[in-house]
Amino acid sequence: MLLAFTLDQIQQGACQIFRAVHAALKTKAKLWQSLRAVFKLLPCFSMFQAWLQVANMYQIKLE
């Protein structure tokens with residue numbers, strides 16, 4: 001559990017796409033639910049690709 005929390009904190013600080021998606025979705029519950037749906041439905045080979053899919057699902061504009 002501590003490892004998952006640590007990785008989450010690193011991702012929040014380092015991943016611009018994560019921050020953009022989180023800002024657009026407002027809650028972490030919706031964020032994690034969306035990511036879970038992407039993993040269930042689509043093949044993802046990286047977290048970058050997974051976050052791009054979540055952004056596309058909600059039509060979030062990324063810079």
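No value in this document is a laboratory result; all are computed from the given coordinates. What you are looking at is a predicted structure, and each value in this text was computed from that prediction instead of being measured. Cβ sites come from the backbone with ideal geometry, for glycine too, and all protein chains shown count toward neighbours.
Go through the chain and name the chymotrypsin sites (Phe, Trp or Tyr not before Pro) that are in a DSSP coil and have 16 or fewer other Cβ atoms within 10 Å of their Cβ.
The qualifying sites are PHE45, TYR58.
Using Cα pairs under 8 angstrom and six or more residues apart, how large is the relative contact order of segment 2-57, in percent?
32 percent.
Stretch ASP8-ALA23 to full length: gain in nm at 0.36 nm per residue minus the Cα-Cα span?
Additional length available on full extension: 3.9 nm.
Only sites in a loop by DSSP and with at most 14 other Cβ atoms within 10 Å count here; which trypsin sites (Lys or Arg not before Pro) in the chain make the cut?
LYS26, LYS61
Tally Lys/Arg at +1 and Asp/Glu at -1 over every other residue whose Cβ is under 15 Å from the Cβ of ILE60; what's the total?
+3
Based only on Cα atoms, what mean projected area does the convex hull of segment 2-57 have, in nm²?
Mean projected area of the Cα convex hull: 3.8 nm².
What 222 nm value per residue comes from the helices of the chain, counting each DSSP H run with n ≥ 4 as -39,500 (n - 2.57) and dividing by all residues, nearest 500 deg cm²/dmol?
Roughly -23500 deg cm²/dmol at 222 nm, from the helical runs in the chain.
With 10 angstrom as the radius, rank ILE10, ILE60 by how many other C-beta atoms surround their C-beta, starting from the fewest.
Placing the least packed residue first, the sequence is ILE10, ILE60.
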